[in-house]
């Protein structure tokens, strides 16, 4: 594989994280291709399954996405009848999202593909490095890390 390191020796964490995310997403997208889903779509279906019905806001928060971007990503899932939306009777301003039987089938169809991709990823990287990576990533999405950044930069959360 070609060495894609920055020849100028950049130490930009944001760029490195974005490049790594794109590379790994490409790998998982290729693994899911036989099922016709992208990694983001599978993640959304899996999250809905764990917390359905849910609102766009709660789903966006759980996925660390903005609601507008999530709403755009939900459209093909609704078009393909993998998810259904309904008005929340408790708060008519919210839409409740749930998986349809077809969505449950599609998610189940990806389970083996996903498990194989996870096994390949761990084999390529090594179990210890994967565990360390997951620990670092969990910290990066934690409220503790966000609070530290906010405090250091004087920003609002």
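Do we have residue 32 as touching a strand residue (DSSP E or B) at 6+ places or on another chain (Cβ under 8 Å), in contact (Cβ under 8 Å) with a residue 12 or more places away in the chain, in a helix (DSSP H, G or I) and crowded, with 18+ Cβ neighbours inside 10 Å here? In short, no. Would you confirm, using the coordinates I've provided, whether residue 62 is under 26 Å from residue 130 (Cα atoms), free of Cβ contacts under 8 Å to residues at least 40 places away in the same chain and surrounded by 11 or more Cβ atoms within 10 Å (Cβ to Cβ)? For residue 62, the condition - under 26 Å from residue 130 (Cα atoms), free of Cβ contacts under 8 Å to residues at least 40 places away in the same chain and surrounded by 11 or more Cβ atoms within 10 Å (Cβ to Cβ) - is met. Among the residues of the range 35-57, the ones that are closer than 15 Å to residue 73 by Cα and not in a loop (DSSP other than H, G, I, E, B) come to 13 in all. Quick check: is even one residue across the range 87-99 at pLDDT below 95 and within 23 Å of residue 143 (Cβ to Cβ)? No: the range 87-99 contains no residue that is at pLDDT below 95 and within 23 Å of residue 143 (Cβ to Cβ). Annotation: of all residues in the range 37-59 being free of Cβ contacts under 8 Å to residues at least 24 places away in the same chain and out of contact with any helix residue (DSSP H, G or I) (no Cβ under 6 Å at 6 or more places or on another chain), the one that is surrounded by the fewest Cβ atoms within 10 Å (Cβ to Cβ) is 50. With respect to the conditions (1) part of a helix (DSSP H, G or I); (2) out of contact with any helix residue (DSSP H, G or I) (no Cβ under 8 Å at 6 or more places or on another chain); (3) farther than 23 Å from residue 143 by Cβ; (4) modelled with pLDDT under 95, residue 14 falls short on a single one, namely (3). Of the residues that make up the range 122-135, is at least one at pLDDT 95 or above, within 30 Å of residue 17 (Cβ to Cβ) and touching a strand residue (DSSP E or B) at 6+ places or on another chain (Cβ under 9 Å)? Taking every residue of the range 122-135 in turn, none turns out to be at pLDDT 95 or above, within 30 Å of residue 17 (Cβ to Cβ) and touching a strand residue (DSSP E or B) at 6+ places or on another chain (Cβ under 9 Å). If the condition is being assigned to a loop (DSSP other than H, G, I, E, B) and surrounded by 13 or more Cβ atoms within 10 Å (Cβ to Cβ), then the range 65-78 contributes only 65. Taking the conditions (1) within 19 Å of the chain's Cα centre (by Cα); (2) loosely packed, with under 15 Cβ neighbours inside 10 Å in turn, residue 125 satisfies each one other than (1).
The values are calculated or read from the model by the stated rules, or taken from the named source; none is laboratory data. Source: prediction; values computed, not measured. Ideal geometry is used to build each Cβ from the backbone, glycine not excepted, and the neighbour counts take in all protein chains shown.
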